[in-house]
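Let me begin by presenting the structure, written as structure tokens, before commenting on it.
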Amino acid sequence: MFAKGRLHMKREVKAGITGLVFGSMLVGCGVAPEQDGQGGVEDATTEAQAQASTERVLEESGGYVEPDPLARYWPAVAYGGGKFLAVWTDVRTGGIYGTRVKPDGTVLDGEGIRVNIGDEEGVRPGIGFNGKYFFVVWESRDGVDGVRVKPDGTVVGPVFRAIQTGESFGPVRVACSPKICLVTYTISGDFSTIYFTRVTKDGVVLRTADRTLSASNTFAYDASPTWNNKTKEFLVVWSDEHGEGPENADIYGNRVKEDGTILDGNGFPISDAEGTQSTPDVEWTGKSYQVVWTDDRNGNPDIYGARVSKTGTVKDPEGIPISTAAGAQADPRIAHHNDKSLVVWDDQRDGPHSIWGARWGEDGDVWDPAGFPISTGDQPQEYVPDVAYGSNKFFTVYAGQETFEPFEPHFILGTRVTHQAELKDVPAIPLTREP
């Protein structure tokens, strides 16, 4: 399921949420005074206890812990406070779980952390880091919710509600400045529109008069934001049909200031090539934005990218091919450090789904035009990755299954990649484990 089926898939996810049995409603838009803990869940273990637990399990298993199929839908990852935090939709109560991973690959939370401490089940989380807290957001039956997590694993409640509506769907994603986190999502009706909500570093949801980033008479979806610390602005990118149908969807962008001011009206085109452009992601490099997406201009899904200046000028209007290998390449994600980024994606050049990557320089050069494999077959099907940079390594997380059934329980795995494209984890690090 790629480009043209992606919007339908997301609506299936939302329908699946609606069909679940839910508890009481969460608190409203405001946030009560900060509370540490997990609302009836055991407090997060200390790092020393977590490390001891991980080492004990590794010793008992001969050095490798078999993962457990506890996850549903797609994982997300961010780096902060000296650790990576990977999150995913889980079969357990609350729906949103995660685990911290040290830069050396040590898993600190062997049984996972229950991130959603609220009463309503959540699905498909997004994650960002504001310098103090991880902000984790997700879809619920009646809107978009979120919570803060400290780098020590403590979940800081209560849950905040970014928007209350039955018409929102994902992907729900978030990017953070030190003061404000920008949460992006899609509101569907006769058409679908990209919306944003601002949340303060203390978890307080701010009301903004105009929160729409795309035109109101088209179908827009797949929004993804990033923070530019030079101009103090966010850039949000998305896929937009502009009334021409999903087979002609293009990539658009819009800049937003910390105070909620929208700078580019209904957005500007980043790629309007032939065919479908979808599932974009974006990262600020310090010199420009790098945008990547799934592109079927050649009749088969490929990975393309473009650089965008801090003022919104598209430097590569024709797009830069990052991977045009045989088979389908889709769902790219990007992380940056120094003069290059790592782009990762779901690749079917060899038949089954697997995770591949390529390094992409700030000057536009693709360092690995043939790509290189990141997943190495720990599961027969490995797909839909995310990636973050921290402590001189890129950390890619992804799903794995015996057969490609993303809505059924699956594993979450992780692989660290160096600047030299060296894999540090073969086999991959299992992140979902038996409680």
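The values are calculated or read from the model by the stated rules, or taken from the named source; none is laboratory data. Keep in mind that this is a model prediction, so the values were computed, not measured. So basically every Cβ, Gly included, is an ideal-geometry build from the backbone, and we count neighbours across all protein chains shown. Quick note on the areas: whole protein, heavy atoms, side chains included, nothing else; ligands and nucleic acids left out. Shrake-Rupley method; radii C 1.70, N 1.55, O 1.52, S 1.80 Å.
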- Task: Residues being in a strand (DSSP E or B) and open to solvent by 10 Å² or more (accessible area, probe 1.4 Å): count how many of those fall in the range 402-421.
- Result: 2
- Any idea how many residues of the range 269-291 are within 12 Å of ALA306 (Cβ to Cβ), hydrophobic (A, V, I, L, M, F, W, C) and not in a loop (DSSP other than H, G, I, E, B)? 3
- What's the number of the condition ASP202 fails, among (1) under 19 Å from the mean Cα position of the chain (by Cα); (2) at pLDDT 95 or above? (1)
- Item | Pair list, Cβ under 6 Å, 6 or more apart: the range 370-381 residue open to solvent by less than 30 Å² (accessible area, probe 1.4 Å), other residue in a loop (DSSP other than H, G, I, E, B) and at pLDDT below 95 | none
- Item | Cβ-Cβ under 6 Å pairs, at least 6 apart or on other chains, the range 400-417 side without any contact (Cβ under 8 Å) to a residue 40 or more places away in the chain, far side of a type outside the set (A, V, I, L, M, F, W, C) | GLU402/PRO380
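Taking THR276, is it of a type in the set (Ser, Thr, Tyr) and out of contact with any strand residue (DSSP E or B) (no Cβ under 6 Å at 6 or more places or on another chain)? Spell out the reasoning first.
Working: of a type in the set (Ser, Thr, Tyr): yes; out of contact with any strand residue (DSSP E or B) (no Cβ under 6 Å at 6 or more places or on another chain): yes.
Yes: the conditions hold for THR276.
When you scan the range 142-164, how many residues do you find that are part of a loop (DSSP other than H, G, I, E, B) and open to solvent by 10 Å² or more (accessible area, probe 1.4 Å)?
5
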- Task: Answer yes if at least one residue in the range 208-228 is open to solvent by 10 Å² or more (accessible area, probe 1.4 Å), hydrophobic (A, V, I, L, M, F, W, C) and farther than 19 Å from PRO171 by Cα, and no otherwise.
- Result: yes
- Considering GLU167, GLU139, which residue is among the acidic types (Asp, Glu) and open to solvent by 10 Å² or more (accessible area, probe 1.4 Å)? GLU167
- Message: Exactly one condition in (1) open to solvent by 20 Å² or more (accessible area, probe 1.4 Å); (2) on the phi > 0 side of the Ramachandran plot; (3) within 22 Å of the chain's Cα centre (by Cα) is false for THR279; which is it?
- Response: (1)
- Item | Qualifying residue in the range 328-350 (condition: at pLDDT 95 or above, at positive phi, open to solvent by 30 Å² or more (accessible area, probe 1.4 Å) and assigned to a loop (DSSP other than H, G, I, E, B)) | no
- Message: Quick check on my filter: what residues within the range 282-299 are free of Cβ contacts under 8 Å to residues at least 40 places away in the same chain, in contact with a Ser or Thr (Cβ under 8 Å, 6 or more places away or on another chain) and open to solvent by 10 Å² or more (accessible area, probe 1.4 Å)?
- Response: ASN298
- ASP259 vs. criteria under 13 Å from THR294 (Cα atoms), open to solvent by 50 Å² or more (accessible area, probe 1.4 Å) and more than 23 Å from the chain's Cα centre (by Cα): no
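Pick from GLY105, GLY110, GLY82: which is in contact with a helix residue (DSSP H, G or I) (Cβ under 7 Å, 6 or more places away or on another chain), more than 21 Å from VAL199 (Cβ to Cβ) and either open to solvent by less than 10 Å² (accessible area, probe 1.4 Å) or in contact (Cβ under 8 Å) with a residue 60 or more places away in the chain (or both)?
GLY110
Quick check on ARG433: is it over 22 Å from PRO280 (Cα atoms), open to solvent by 10 Å² or more (accessible area, probe 1.4 Å) and either in a strand (DSSP E or B) or touching a residue at least 60 places away in the same chain (Cβ under 8 Å) (or both)?
On the way: over 22 Å from PRO280 (Cα atoms): yes; open to solvent by 10 Å² or more (accessible area, probe 1.4 Å): yes; either in a strand (DSSP E or B) or touching a residue at least 60 places away in the same chain (Cβ under 8 Å) (or both): yes.
Spelling it out, ARG433 is indeed over 22 Å from PRO280 (Cα atoms), open to solvent by 10 Å² or more (accessible area, probe 1.4 Å) and either in a strand (DSSP E or B) or touching a residue at least 60 places away in the same chain (Cβ under 8 Å) (or both).
Could you please find all residues in the range 170-195 being part of a loop (DSSP other than H, G, I, E, B) and either modelled with pLDDT under 95 or buried (at least 24 other Cβ atoms within 10 Å of the Cβ) (or both)?
If we filter the range 170-195 for residues that are part of a loop (DSSP other than H, G, I, E, B), which is where we start, we get 177-179, 189-191.
Once the filter is applied, which keeps residues that are part of a loop (DSSP other than H, G, I, E, B) and either modelled with pLDDT under 95 or buried (at least 24 other Cβ atoms within 10 Å of the Cβ) (or both), the range 170-195 yields GLY189, ASP190, PHE191.
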